[in-house]
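S.K.: Before I ask anything, let me first share the structure, which is written out below as structure tokens.
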Amino acid sequence: MRKFIVNVNGNSYEVEVEEVGASAAAPAPAAAAAPKAAAPAPKKAAAPLNGVPVKAPMPGNVLDIKVSSGATVKAGDTLVILEAMKMENEIKAPQAGVVTVVVSKGSTVNTGDVLVTIA
């Protein structure tokens, strides 16, 4: 277990995080009154990537998908509307090509997750 101090809105919280794959021979830590961090969510299965991936620049929710798989787009066309911190962000095509949509409307994505590919 590792201890960290996390500051949220000016309040400090002491949290303990268990290291995954930590040695079983490590001594058990003393009980702490601080809340423990939740285990990370399981990774989504990777979609096959053919073409240039267009990745999420930030974590957020997919509000709308403006294209469908098989559509031809030009550089600068809006592909996906990503909501992050109550703001709608247009994710645009970096190049022209044929789109393959990887995400679905309403899904939650993390920074770096592939939204669409352009071939």
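S.K.: Counting only residues that are assigned to a strand (DSSP E or B) and either on the phi > 0 side of the Ramachandran plot or of a type in the set (S, T, N, Q) (or both), how many does segment 93-119 have?
M.R.: If we filter segment 93-119 for residues that are assigned to a strand (DSSP E or B), which is where we start, we get 97-101, 108-109, 114-118.
If we keep only those that are either on the phi > 0 side of the Ramachandran plot or of a type in the set (S, T, N, Q) (or both) as well, we get 97, 100, 108, 117.
Total satisfying the criteria: 4.
S.K.: Same structure, new question: If you check every pair at least six apart or on different chains, which have Cβ atoms under 6 Å apart with a residue in segment 95-119 that is without any contact (Cβ under 8 Å) to a residue 40 or more places away in the chain first and a residue that is surrounded by fewer than 17 Cβ atoms within 10 Å (Cβ to Cβ) second?
M.R.: Qualifying pairs under 6 Å: 96/74; 96/75; 99/71; 101/69.
Just so you know, all these numbers are worked out from the coordinates, no wet-lab data involved. All figures in this text were calculated on a predicted structure; none of them were measured in a lab. Backbone-built Cβ (ideal geometry, glycine too); neighbour counts: all protein chains shown.
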